[in-house]
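The values are calculated or read from the model by the stated rules, or taken from the named source; none is laboratory data. Being a predicted model, the structure only gives us computed values, none of them experimental. All Cβ positions, even for glycine, are placed from backbone atoms using ideal geometry, and neighbour counts span all protein chains on display. Heavy atoms of the whole protein, side chains included, go into the accessibility calculation; ligands, DNA and RNA do not. Shrake-Rupley method; radii C 1.70, N 1.55, O 1.52, S 1.80 Å.
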Amino acid sequence: MTELVTAEQWFESGRRVIYDTKHKAIVDEKKKGTTVSVFTRVIIPDHTNVEGLWLTILPGFPEGSYGFSRVESMLATQRNLNADLPRMVFDYIGQGNSEKPKEYQYSTIERANLVEALWKANGVKTTLVVTMDFSSLVLLELLVRQKNRENKGIKYPRMEHVLSINGGFFAEGHTYTGIANGTPLVRDRFGKVSSSAAQRSNMVFNKMIMPLYSNDYRRSKICRQEAKETQKAIRLHQGTRAMAQMTNFVDEHKQRAERWDFPMLYRSYCKDQGISFHLVYSEQDEFEQNQVALIQRRMKPYADKVQLEKIAGGHMANFEQAGVIVDRILQLAHRAKEVVEKPKRSWANTDAQASPTTSTYNGSSSYTGSMSWTSASPRSAEVDYGLGSSSSFGIGVAH
């Protein structure tokens, strides 16, 4: 079993960058009232093509990027060409080592804006995407934007294939049974009180986090260690108070059900584009079990490209079944490489360059490196991130 990565080790291995929420861009300097710090962990293996295919990991709720610490550790030790992709994992605003402002409009839309800003800052043009639970909604929003861009003849940025873990693709399929509708924070009218207590009380926190694991795994030593480190990751920067503010995604899904209509989006766009989906659900997940039957029924005509898999364990499959998730990522990369090696998938001539930066865990340090994306790129007419025209983008790269 891979050695446990502590929360401190995880955050020290990445960078905090500055995100301008008004202009939806990664920038070099803080501006009062419009910028926040965002944790990113960008890995570029030796001898890989940073101008080619990437892997983007969209984190889950409430554990954030730390939830993929074991997966990332396993990927880093893989002696497999399919693991040699530049890859990026990060914390949304309100999670992990990212800033957690009190006055902020947390939403799926702003999370999608952040993803596109990070893609732009890193010069990402094509990417595989791995999502955990509520990031399935971010994925759907990004696919809608991708479809709209390509309808205008704009090819990039482009998501090629998707691995989703315990995601909610149908608005009526969210279950939220068990512990007070999930985390006690999703719909509980005392959510703010509960989240405040979880910042101080291990007992309250454990009542929220432990049911996310399967019954058997919950009794293991590694589970207790992971839960303790997850607690540190969530509590960072007074983090539990942001949890209650981030739990509107179920209502948001219902409000935007027509825009995020998965069968329609697949039928009208993804099918012709060859975008495949591998949808993984845990047997003891309490939140999205209804999604399985809905996928089986509504996506049956596309079963060759929308594959459904049930695996053992609880909701936290990224911890509990990390080896399975790594294997599925490698399969996804293999499938994608078979496609991108064809002549029609070419993305040469990007101007992105990487520079080393300083590390920060407690949020007090600054960084000096940057990656730039310039409008002078020969292929710039084919790239549109829909994020405005800011020309300065600072980003950290971990090797």
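Numbers for the structure displayed
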quantity	calculated
Solvent-accessible area, 1.4 Å probe, carbon plus sulfur percent, for segment 216-310	43 percent
Gln331-Leu4 FRET efficiency (beta carbon distance; Förster radius 25 Å; 0.05 resolution)	0.45
Over 26 Å (Cα to Cα) - which of Lys31/Lys100; Lys254/Lys337; Lys31/Lys120 fall in this group	Lys254/Lys337
Surface per residue (accessible, 1.4 Å probe) for segment 229-307, Å²	45 Å²
Convex hull per residue volume in Å³, alpha carbons only, for segment 108-165	72 Å³
Asn215-Lys254 pseudo-label distance in nm [points 7 Å out on the Cα-to-Cβ vector]	3.1 nm
Apportionment of accessible area to carbon and sulfur, segment 51-142, percent (1.4 Å)	45 percent
Cross-link pairs Lys24/Lys271; Lys24/Lys305; Lys125/Lys147 - those with Cα-Cα distance over 24 Å	Lys24/Lys271; Lys24/Lys305
Per residue accessible area in Å² of segment 14-94, where ligands, DNA and RNA are left out and the probe is 1.4 Å	35 Å²
Trypsin sites (Lys or Arg not before Pro) restricted to DSSP loop in segment 39-84 with at most 16 other C-beta within 10 Å	Arg79
